[in-house]
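Asks: Have a look at this one before I ask anything.
The values are calculated or read from the model by the stated rules, or taken from the named source; none is laboratory data. Bear in mind that the values here come from a model prediction, so they are computed numbers and not experimental data. Here the Cβ positions follow ideal geometry from the backbone for every residue, glycine too, while neighbour counts run over all protein chains shown.
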């Protein structure tokens, strides 16, 4: 059964990218994802199809009006009963844990704001959750919505050629024998040719020894996480094997 996903946006053509290309398009074409775009301008009554107005109290910029948004959401709810998520800088940070939660839902509505945002009364009356993709400013929620669509699509059954790929990515892989919430960055990947511009594929990856390969990959993931995102390891208790692998990684780096 396909996930039923609706997006509320005044720029539906922006979503041609996810409709026609990549993993998201594969999810749609395979029937794993049903995506429909809803334009609030279609629910206006004035000849200018206005969806924005000046904010009360003054201030720079314009604000999305509540009536077109309310009509849009109320209309789509007849087809999509999923929770409404507003893509907002005030929302919780998007993490793989959140993506996994969303991917398990049968239906979902993404609300992409524009201008200075949307009227707060829509947030109060029709939004169940707010999500932010990071602490920076965009001109609208469309790109954030595409990020969520892409991250969800790759978790849907049958979309990836190798389902294990989704579980081995950064932020999806936990420690063996450790808290499942403890995430690691991904280990390095190599493909042919064996030597490129004088740089060889690590010997362990060519050894055929799967136990040593797994050990090397865990060591690389631990080392990269410590070097690049140490907060992911903070206040986490590593077991003896993981501590030893991390020390080995650091020693090897010091000798490079």
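Asks: Please find, among 60, 70, the residue that is exposed (fewer than 14 other Cβ atoms within 10 Å of the Cβ), out of contact with any strand residue (DSSP E or B) (no Cβ under 6 Å at 6 or more places or on another chain) and in contact (Cβ under 8 Å) with a residue 40 or more places away in the chain.
Replies: Residue meeting the stated conditions: 60.
Asks: Which is more than 25 Å from residue 160 (Cβ to Cβ) and in the same structural domain as residue 140 (by TED's automatic domain parsing), of 88, 30?
Replies: 88
Asks: Still on this structure: Looking at 26, 41, 47, which is the one that is out of contact with any strand residue (DSSP E or B) (no Cβ under 7 Å at 6 or more places or on another chain), more than 16 Å from residue 148 (Cα to Cα), at pLDDT 95 or above and not in a strand (DSSP E or B)?
Replies: Of the residues listed, the single one that is out of contact with any strand residue (DSSP E or B) (no Cβ under 7 Å at 6 or more places or on another chain), more than 16 Å from residue 148 (Cα to Cα), at pLDDT 95 or above and not in a strand (DSSP E or B) is 41.
Asks: On to the next question. Just to be sure I understand, how many residues within the stretch 122-141 are touching a helix residue (DSSP H, G or I) at 6+ places or on another chain (Cβ under 7 Å) and modelled with pLDDT under 95?
Replies: Selection size over the stretch 122-141: 1.
Asks: Here's a follow-up. Which residue, of 242, 250, is within 25 Å of residue 96 (Cα to Cα), surrounded by 12 or more Cβ atoms within 10 Å (Cβ to Cβ) and not assigned by TED's automatic domain parsing to the domain that holds residue 96?
Replies: Numbers: 250 fails: within 25 Å of residue 96 (Cα to Cα).
On inspection, the qualifying residue turns out to be 242.
Asks: Here's another thing I want to ask about it. How about the stretch 184-208: which of its residues are in contact with a helix residue (DSSP H, G or I) (Cβ under 9 Å, 6 or more places away or on another chain) and over 20 Å from residue 252 (Cα atoms)?
Replies: Residue satisfying the conditions is 194 alone.
Asks: From the set of residues in the stretch 75-95 that are out of contact with any strand residue (DSSP E or B) (no Cβ under 7 Å at 6 or more places or on another chain) and free of Cβ contacts under 8 Å to residues at least 40 places away in the same chain, which is farthest from residue 3 (Cα to Cα)?
Replies: Checked the stretch 75-95; the qualifying residue farthest from residue 3 (Cα to Cα) is 75.
Asks: It is to be established whether one or more residues within the stretch 142-153 are surrounded by fewer than 20 Cβ atoms within 10 Å (Cβ to Cβ), outside the structural domain of residue 225 (by TED's automatic domain parsing) and at pLDDT below 95.
Replies: no
Asks: Looking for something assigned by TED's automatic domain parsing to the domain that holds residue 9, under 30 Å from residue 186 (Cα atoms) and either in contact (Cβ under 8 Å) with a residue 12 or more places away in the chain or surrounded by 14 or more Cβ atoms within 10 Å (Cβ to Cβ) (or both) - is there at least one such residue anywhere in the stretch 109-121?
Replies: yes
Asks: If the requirement is being in contact with a helix residue (DSSP H, G or I) (Cβ under 9 Å, 6 or more places away or on another chain) and assigned by TED's automatic domain parsing to the domain that holds residue 14, which of these qualifies: 60, 50?
Replies: Result of the check over 60, 50: 50.
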